[in-house]
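The structure appears below as structure tokens.
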Amino acid sequence: MLDILIVGSGGAGLSSALTAKQQGATVTVVGKHYPTASQTSMAQGGINASLGNVTPDSVQAHIDDTIKSAHELCNKKMVETMCQDAPNTIEWLEELGVPFDRTQNGKVAQRQLGGASSKRACYAQDYTGLKILHTLYDSCLKEGIEMLEEYFLLELIVEDKQVLGAIFLDIVTGEVKEIRAKATILATGGYGALYKNFTTNSEGATGDGLASVLRAGGTLSDMEFVQFHPTALKGSATLISESARGEGGYLVNSKGERFVDELLPRDVVARAIFEQIESGEEVFLDIRHLGEEKLLHLMPQEVHLCRLYEGVDPISELIPIKPVAHYTMGGIDVNENLEVTGLKNCYAVGECSNAKIHGANRLGGNSLLEIISLGREAGKNAVGCVSQRTETTNTKNTQLQKTKEYIDSLFEEYPYQKNFYNLQDELGEKFYKHAGVVKDNTKLNNLLNELRVIKADLDDMGIGDKNRENNTNLVEFLQFQNLLTIGEVVLDASIVRDESRGAHYKSAFPKKDNQHFKAHSLYWVEDGILQNRLQKVES
């Protein structure tokens, strides 16, 4: 039996794989897409570490900034562990060959991102995530780690609360297959595709790992906390990195007025922009004063994206922007060893996981740090789990057969009376408007009722393409079902939390309420019914 199965081939999954492989474990990485198409490649601005290469800094300052940005909804021990490990993480990435930009004296260059008290984000132009991802992928290939691409996660294999691997749809062949392992690591990414057409995330960010954990008896937490990036292109929702503001860009309205400190935390800046737009103003990012030479050296991707998707040249023109969904702080609930709450032999890391680090609002530059630092930790912990387990060979295979029967039914039985693509587009816009930067209970309840009606009508939906091989229609229908599962939790959690904290802002409850809501919201399924409770944060 395989030692470790890793589901997800982005930065978190590949970091876990390298660590586990180097400790002698047999490892297979399974991804829905090709590794270089991972969401990690979209992280542009930098990766945090208190190196002090440009301005004075300390690990404690990094910890303090992270906790402040999280609005105390975090596990301080986990925050401390990650921030203390950050310099080691950069050293490890350098050893692998990540081409960070350099200062004049040859040290790793650093820039300031929103919410940071110093220039802390190590960067590689504005391609930081992409260059880290490519380096990790090359390193995995050198190590001979097995990679299975275009495999869609269907279900976890669970017996007596123990995860024994997972069941997948081989997208290319259309076959349903299982992969058994002594330990499983989920690194499947977030659920930003709930906000379809209003998110910087790819269409594959559909919460597949989260939905599989919920079905398997695990727990999700803090799902109401969705971060909106202040600066996405107005027309296409394409991300314009925080590095543009970190290097000195301005935010201005139609009158040319600056209306907010550009380097405040993302939730504050996003709300300030939202308020301007709601009052009838257009909002622009102005980087013209930085000069062509600096822009082309430090932010070539941003210049290209503005020209390609918005038809503006940022060297000489204002960039029209709006806030859109960017990062999901909530996810699969895990303990301090990154093991999934309610399941054994199963770990979760990266954006799919809630390790209680980002809390109510992620600090810019901490996402790349989390996937590498905690990715390595997940790999190490999974190896420890494997060493304590014995191989089981006489387990029943009922889940595989049931899953095959369900997939077969989509080809044979399900009608095609309602177009789920139209419904997904409509839901994306409604989530943006009613579960977005500013929330209202009446609108949240209306949207939740509408979503539940759609779930009840799933029997009237299905797939039009009946070919088994390379059936993207099938994959997209399965993703849509996962989004409905996740969306229900997001909306319910948003309704329950009657306060404003970080990225979760309610117009009727504009203040933070520590007495009632300094707590994590937990969700799980029991006897087919979604359950929830609040778990107080230890002071």
Exercise. What net charge do the residues around A183 carry, taking every other residue with its C-beta under 9 Å from that of A183, with Lys and Arg at +1 and Asp and Glu at -1?
Worked result: +1
Exercise. What whole number of Å gives the distance from the Cα centroid of the range 409-471 to the Cα centroid of the range 119-136?
Worked result: 36 Å
Problem set entry | Neighbourhood charge, 12 Å Cβ-Cβ cut-off, centred on K21 and excluding it, Lys, Arg +1 and Asp, Glu -1 | 0
Seminar exercise, completed: Interchain or sequence-distant (5+) residues whose placed amide H lies within less than 5 Å of the amide H of Y347 are T184, I185, L186, V340
Seminar exercise, completed: Residues whose built amide H sits under 5 Å from the amide H of E146, excluding neighbours closer than 5 in sequence, are V27, V29
Problem set entry | Pairwise label distance in nanometres, L296 with K77, each label 7 Å out on the Cα-Cβ vector | 5.3 nm
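Where both partners of a DSSP beta bridge lie in the chain, what percent of those bridges are antiparallel, to the nearest 5? Show your work: numbers first, answer last.
Details: 48 of 69 bridges.
So the antiparallel bridges amount to about 70 percent of the total.
Given the range 229-324, report the % of alpha carbon pairs whose separation exceeds 21 Å. Write down the numbers at each step before the final one.
Details: 1013 of 4560 pairs.
Here the tail beyond 21 Å accounts for 22 percent of pairs.
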Seminar exercise, completed: When the charge dipole of the chain is computed with +1 at the Cβ of Lys and Arg and -1 at the Cβ of Asp and Glu, the Cα pointing farthest to the positive end, of G165, Q84, N105, is that of Q84
Exercise. So what J values fall out for the range 269-286 if you push phi through Karplus, 6.51 cos²θ - 1.76 cosθ + 1.60 with θ = phi - 60°, rounded to Hz, Gly and Pro as x?
Worked result: 5, 4, 5, 5, 5, 4, 5, 4, 5, 4, 7, x, 8, 8, 10, 10, 9, 10
Exercise. Taking the Cα centre of the chain as origin and charging only Cβ (+1 Lys, Arg; -1 Asp, Glu), how large is the dipole, in debye to the nearest 20?
Worked result: 1000 debye
Exercise. Hey, what do the phi angles of the range 118-130 turn into as Karplus ³J(HN,Hα) couplings, whole Hz, using 6.51/-1.76/1.60 and θ = phi - 60°, x for Gly and Pro?
Worked result: 7, 7, 10, 7, 6, 9, 10, 6, 10, 10, 4, x, 4
Exercise. With +1 on each Lys and Arg Cβ and -1 on each Asp and Glu Cβ, how big is the dipole of the range 398-513 about its Cα centre, in debye rounded to the nearest 20?
Worked result: 660 debye
Exercise. Which distance in Å, rounded to a whole number, links the C-alpha centroids of the range 313-358 and the range 16-52?
Worked result: 14 Å
Exercise. Looking at the range 437-522, which trypsin sites (Lys or Arg not before Pro) are in a loop (DSSP not H, G, I, E or B) and have at most 10 other Cβ atoms within 10 Å?
Worked result: K511
Problem set entry | Note, ³J(HN,Hα) from phi for the range 102-110, Karplus 6.51, -1.76, 1.60, rounded to Hz, x at Gly and Pro | 10, 7, 5, 9, x, 7, 4, 6, 9
Problem set entry | Proximal lysines to K402, defined as alpha-carbon separation beneath 19 angstrom and excluding residues fewer than eight positions away on the same chain | K161, K177
Exercise. Is there a pair in K356/K518; K455/K512; K182/K536; K234/K430; K196/K322; K68/K512 whose C-alpha atoms are over 23 Å apart, and which pairs would that be?
Worked result: K455/K512; K182/K536
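Quick check: convex hull of the Cα atoms in the chain, volume per residue, rounded to a whole Å³? Mind showing how you got there, number by number?
Values: hull volume 76.6 nm³, N = 539.
Dividing the Cα hull volume of the chain by its residue count gives 142 Å³.
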Problem set entry | Selection from Q388, G256, G428 lying farthest towards where the dipole of the chain points positive, charges on Cβ | Q388
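Values quoted throughout were computed directly from the atomic coordinates according to the rules given, and no laboratory measurement underlies them. Given the structure is predicted, the values throughout are model-derived calculations rather than measurements. Positions of Cβ are generated from backbone atoms using ideal geometry, with glycine treated the same way; all protein chains shown enter the neighbour counts.
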